[in-house]
Amino acid sequence: GANNTYSLGSSGLQWKDLFVDGTSNLDTLNVVGALTVGVDDTGHDVKFFGATSGQYLLWDESADELVLAGDSKLSFHDAAGGENIIASADGHLEINSGTTLDVTAPLIDLNGQITASGNISASGDLSVTGTATIGTLSVASLANSVSITGISSSGQILNVSGNIVPHATDT
């Protein structure tokens, strides 16, 4: 009889099951209890839209893949805390941490160029295969002497630009 006036059942008198063949247009959906979409090995795509065009979360059942479309953020802890992962259309993946980003693994394999701003601290050995170009090398203290190995012929030369000065005379 009138728009937005009558209810189908109530909290005290509920209908048992609802079967709909077609589209259900619901202004608000409040699910109390479990929500299951599809059945194991026969899923469905599920999409959640954001407030900005092109921003959404998609579970793509055929690819078994969770997609954050556009440059949607995946936030951790709280949305305003700054801990998130963002992927942009130009292929840039940004991992933001509020304080410290810990990566723990027996081997971390990074491929490509690594650019760092700020200090780099390492405990353990530093091995470089290829050319290491260092603007200024400052060695604060040495537990042992410095060894340069591998210069065995006149074609392999250690070039020093500047002075090599002993720590003290006659040492």
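The values are calculated or read from the model by the stated rules, or taken from the named source; none is laboratory data. Computed from a predicted structure; not experimentally measured. Cβ atoms come from the backbone with ideal geometry, glycine included; neighbour counts cover every protein chain shown. Surface areas here come from the heavy atoms of the whole protein model, side chains and all, with no ligands, DNA or RNA. Shrake-Rupley method; radii C 1.70, N 1.55, O 1.52, S 1.80 Å.
Of the residues that make up region 88-105, is at least one open to solvent by less than 90 Å² (accessible area, probe 1.4 Å) and on the phi > 0 side of the Ramachandran plot? Checked region 88-105: at least one residue is open to solvent by less than 90 Å² (accessible area, probe 1.4 Å) and on the phi > 0 side of the Ramachandran plot. Of all residues in region 59-84, those that are more than 14 Å from Ile95 (Cα to Cα), acidic (Asp, Glu) and not in a strand (DSSP E or B) total 3. When each of Gly1, Gly12 is tested for being open to solvent by less than 90 Å² (accessible area, probe 1.4 Å) and either part of a loop (DSSP other than H, G, I, E, B) or not hydroxyl-bearing (Ser, Thr, Tyr) (or both), the lone residue that passes is Gly12. Taking every residue in region 13-36 that is over 20 Å from Phe48 (Cα atoms) and pairing it with any residue that is surrounded by 10 or more Cβ atoms within 10 Å (Cβ to Cβ), at least 6 positions away or on another chain, the pairs with Cβ-Cβ distances below 6 Å are Trp15/Gly9. Consider region 28-58. How many of its residues are in a loop (DSSP other than H, G, I, E, B), open to solvent by 100 Å² or more (accessible area, probe 1.4 Å) and of a type in the set (A, V, I, L, M, F, W, C)? Residues in region 28-58 being in a loop (DSSP other than H, G, I, E, B), open to solvent by 100 Å² or more (accessible area, probe 1.4 Å) and of a type in the set (A, V, I, L, M, F, W, C): 4 in total. Within region 37-47, the set of residues being on the phi < 0 side of the Ramachandran plot and modelled with pLDDT under 90 comprises Val37, Val39, Asp40, Thr42, Gly43. Going by the structure shown, is Asp71 surrounded by 10 or more Cβ atoms within 10 Å (Cβ to Cβ) and of a type in the set (Asp, Glu)? Criteria met by Asp71. Quick one: which of Asn25, Asn111 is in a loop (DSSP other than H, G, I, E, B), exposed (fewer than 10 other Cβ atoms within 10 Å of the Cβ) and under 16 Å from the mean Cα position of the chain (by Cα)? None of the other options fit; the residue is Asn111.
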